[in-house]
Structure formats: C-alpha cells, structure tokens
Amino acid sequence: MRITFIQPYYRNVWESIGLGYIISYCKKNFDGDLDVQFFQGNFDSDADIVSGARGSDIVAFSCTSPCYVPALRLAAAIKAKNPHVRTVVGGWHVTALQEKAVSEVIDQIVVGEGEQAMLEILQGNTDPIVRGYALPFTELPWPDREAIKNHRTIDLCEQMNGRRTTGFQANRVCPTSCVFCAEKIMTGKFNRRSNPIRSREVTDVCAEIAATIEKYNLTYFKFVDATFDITPQYVIDFCREKLSRGIDTEWECLIHAGFCTEEMFHWLKVSNCNQINVGCESGSPKILKQIHKGTKVETIEKVFHWAKKHHIKRRAFFILGMPEEDRDDLQMTEDLIGRIDPDVVGFTILCPYPGSSLYDHEKYGEQDWQQTDEYANDFWRNKAFSNAELKEWQACFIDKYENKLCERLEKGGSELRIQTSGL
Ligand code: B12
C-alpha cells in the first residue's frame, strides 16, 4: 500500500506533528507493507508533489482552513494524472465543516483525531465521512519525525532565529473553551467524567524530548499544547523530570493564566524555561467573561508578576475586535499592557475560523482563508468598530509599543520585541 501525506503550503508553519502521529500509529498497526511518502508545501513545489504522488493508492491531506483550497488544487492535479487514487482530507477545516466540506476531488474526509480513522481507511473503509477516535497516549507511538522530514523545519528555524527548534505534544483536550478557538471540535469540550484531559506521563514526554534533542541536535523546544499548564502540578512534575534527566535545553510553552502557582514559576526557571506565552486576549473583565476565557485580569497580572520575579520572558497575546468590545474595553487592554509590561506582545484582529463558536457558515462559508493571517484579516468587524478601525487600533498598539523599545534599552531593560512572525 502506497500512501502519500501532504501538508499544503501556508506561510506560518511548524513541523506537521499531527501527520507524524498518524504515520507512526499506522506503521505500528497496519497489517501489511506500508510505503509512506510525505510532502510539505513550504518545502516542496506543487509540481514535485503531483509527480511524487504518482503511483499512490491513497493521498491524504492535513488542513487547517487556509490549507483547504491549496489541497483541493493539488488533489485535482493528482487525480488528473491518476484517476484511481483515493484522496482523503483530515484536520481542522473538514472537522469543522464536515458535509459542507465535501468536494468532487476529495473521496473521504476524516472528522476529529486521525490516527485510528486513517488506519481504518488503509484497511479498506471507503465511507465519505470517517469519524476519528480519542485515543489515550499509551496507544500513540511518538510522532514519526523522520517521515515528516522534521529536519527541514528545524534547519529553517536555525536559519531564521539561530535556534534548532521543534514542538512536542503533552496533552489532548483543553480545560477551557474560549469562543474564538476551535479546539473543542477536535478533542471535545473538557468534562472531568465524560471527556477528561488525556496527559502523557512526564517520563514519556522527557524520554521523547531527550531522544529528539539527540537525533536533531536541538538547542530549543516548544509544546504545541494550547494550554501546557493543565495543572500547576503537571508542569512542576515535568520540570523536575527534565532536571532529573539532566536535560538543560531551553524551552517555552503556551500557558493559561488561570492554572498557575508561584511555585510553578520557580520550577519553570530552574528547568531553563526561557519564555511563557500567555493568551491574555483583553484587559476588560466584561470581555474575558464573554469569551469564556476562564480567568480574570487580576490573575493575568499576578502571573506576569511571578514570571518577571523569576526572570522568565513573558509573551502576551491580545485579540482585538471581540463582538462586544468597545473603546472602553480597548483602553482597559492598553492599561493592562502597561501594568504587566510584557517582553513580547502580539495583537491579532479576531478571525472567526471554522470550528470556533464565532464562525457562521452563512456569513463566512465563501471566505478565502488564505487571505487571513495570524494577525489580520480584511473582513472581521464588531458592533463598535469597522475592520478599518480595528486595523487603526492595531497599528496604534504596535506603534506605541514599538516606540517603547528605545526607552527600555536606554534604561538597560530587556529587549522588547513586537511579534510579527510565526516562527
Ligand atoms: C501549534 C499550533 C500552531 C502552530 C503550528 C501548526 C503547524 N503544525 O504547522 C503555528 C503557530 C505555526 C500555527 C499556525 C496556524 N494556526 Co494554529 N494551532 C496550533 C495549536 C495550538 C495546536 C495544533 C497541534 O499541533 N495539535 C497537535 C497535533 C497532534 O494535532 P493536529 O495537528 O491537529 O492533528 C490531528 C488532527 O487535526 C487530525 N488531522 C490533522 N491532519 C490530518 C490529516 C489526515 C489525513 C487525517 C486523517 C487527520 C488529520 O489528526 C491529527 C492527529 O490526531 C491549535 C489548537 C489550539 N487549541 O489552539 C491551533 C489551531 C490548529 N491553529 C489554527 C489556525 C487558524 C492557525 C493559522 C491559520 C493561523 C494563521 N493565520 O497564521 C496557522 C495555520 C498553520 C498551517 N500551516 O496550517 C486554528 C485552526 C482552525 C481552523 N479552522 O483551521 C486552531 C485550532 C486554533 C484556533 N484559533 O482555533 N498553529
């Protein structure tokens, strides 16, 4: 069986860890010879992908929303050369849209986590829609980084910022369900009984990290978890395990302000955590409540204070344009930034991606998601502000904090960097 996995081009990309998990799971469980190929649009041209896919029995695409149209284009070209090939799409876009995503050049879509579903497709399931399973990590081998050519994104990171970096996953299911995020369509809404968080043993996470550092000579690593601090204790246990194994590589993670303790920051620091990334989103209590962020402004301030006290770099993400956000709310965001004084700050204009609670198929079903980027889009507006006004506010924030850069250096403060690139 020859299968070709493809992550279509999108400018903001890391390694295709999702396909890495699917490939290692299928290789472990498929009863028969499996000839696996992998292409990633950021490194392989469409022509190379189409000719490389020749002779495949199945071609499977991994798509967030911006990658779907490029996948359809590639699928059409591959089918033109090989009409018998079966085309499959998985990932966030089709999990969000399901039947609405069906296309004449796509034979099957997978809704949800893809490991078991892809195996069933290899074993002969030809249903147009195949539903994924929530598997425990004990059944998931480490992602096959060789198959996804992880060395390419690591080398690219090194060229771009001098660090040999890659990402790891520690948990599935997020304890919160922010309205702007699609996580719940993939791993389900957290429920202590019916849908608990699935965590890897920290010994297993550290074993994978140690092996990957060894193999790729990593100098830095990250977690793909949107909320690495599912509990403060999990973070502390991870840091202690990392220390006990003598892994001194610098690292960073995305944390939720609502699940922190000061003791956690002590262990983050001693385990060489270089930076925490926090989705603050807004400085307005009203907005934080409305978006179900699951934390308070005071808590965000406390977390940034603790991180500063322990000399850990602090990156803050803010989203502009929440449905009910008005001038007073934006003023509260500006005031919060002044109080938490982040080292790195990012301002994103809200984008109602498929799968988020803000997505409306009537309004956005025809949207070309390739035209959106991590920080802006040309269509979102809210009650108080037009899209142009949101961009003006974004430019003001970026300008204000860019201007603040000089002062800090003169005062010998740490570098303040405006976040404009993904990697
Ligand atoms: C880490 C991350 C990133 C990283 C790395 C992404 C990458 N690998 O290139 C960076 C910062 C680069 C990034 C960029 C973007 N991201 Co992002 N990201 C995430 C995050 C936090 C974790 C994703 C992850 O790695 N999960 C772990 C792996 C194991 O799971 P997975 O990749 O999803 O794969 C599983 C399933 O999706 C499925 N599956 C996936 N592919 C396939 C293929 C087949 C054939 C099958 C059968 C199944 C299948 O099975 C896999 C295994 O179970 C999520 C979730 C979140 N809560 O915020 C958002 C998330 C995926 N990102 C999102 C978005 C919108 C983006 C951007 C478009 C933002 C932008 N404009 O720049 C880009 C697009 C990047 C791209 N190349 O597609 C949205 C997706 C929503 C949507 N409708 O597409 C999410 C859900 C966040 C949100 N806002 O809702 N992202």
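Yes/no matrix, rows are residues, columns are (1) surrounded by fewer than 21 Cβ atoms within 10 Å (Cβ to Cβ); (2) free of Cβ contacts under 8 Å to residues at least 40 places away in the same chain; (3) of a type in the set (Ser, Thr, Tyr):
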{"site": "Asn191", "(1), (2), (3)": "yes, yes, no"}
{"site": "Ile209", "(1), (2), (3)": "no, no, no"}
{"site": "Thr227", "(1), (2), (3)": "no, no, yes"}
{"site": "Val235", "(1), (2), (3)": "no, yes, no"}
{"site": "Arg245", "(1), (2), (3)": "yes, yes, no"}
{"site": "Trp251", "(1), (2), (3)": "no, yes, no"}
{"site": "Gly258", "(1), (2), (3)": "yes, no, no"}
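Of the set (1) polar (S, T, N, Q); (2) surrounded by 15 or more Cβ atoms within 10 Å (Cβ to Cβ); (3) assigned to a loop (DSSP other than H, G, I, E, B), all apply to Gln116 but (3).
Residues considered: Asp33, Asp48. Of these, the only one that is part of a helix (DSSP H, G or I), in the same structural domain as Val110 (by TED's automatic domain parsing) and open to solvent by 30 Å² or more (accessible area, probe 1.4 Å) is Asp48.
Going by the conditions given, is Phe39 within 14 Å of the ligand (Cβ to nearest atom) and open to solvent by less than 40 Å² (accessible area, probe 1.4 Å)? Yes: the conditions hold for Phe39.
Does Ile291 qualify as being of a type outside the set (Ser, Thr, Tyr) and within 21 Å of Phe180 (Cβ to Cβ)? Yes, satisfied.
With a requirement of 2 or more residues that are away from the ligand (no atom under 16 Å from the Cβ), among the aliphatic types (A, V, I, L, M) and open to solvent by less than 10 Å² (accessible area, probe 1.4 Å), the helices (runs of 4 or more DSSP H) lying completely within segment 270-366 that satisfy it span 285-290, 297-309, 327-340. Scan segment 62-84 residue by residue and report those that are outside any helix (DSSP H, G or I) and within 14 Å of the ligand (Cβ to nearest atom). The answer is Ser62, Cys63, Thr64.
Restricting segment 195-231 to residues that are charged (D, E, K, R) and part of a loop (DSSP other than H, G, I, E, B) leaves a set whose member that is farthest from the ligand (Cβ to nearest atom) is Glu201.
The values are calculated or read from the model by the stated rules, or taken from the named source; none is laboratory data. Given the structure is predicted, the values throughout are model-derived calculations rather than measurements. Cβ atoms come from the backbone with ideal geometry, glycine included; neighbour counts cover every protein chain shown. SASA here: full protein model, heavy atoms, side chains in, ligands and nucleic acids out. Shrake-Rupley method; radii C 1.70, N 1.55, O 1.52, S 1.80 Å.
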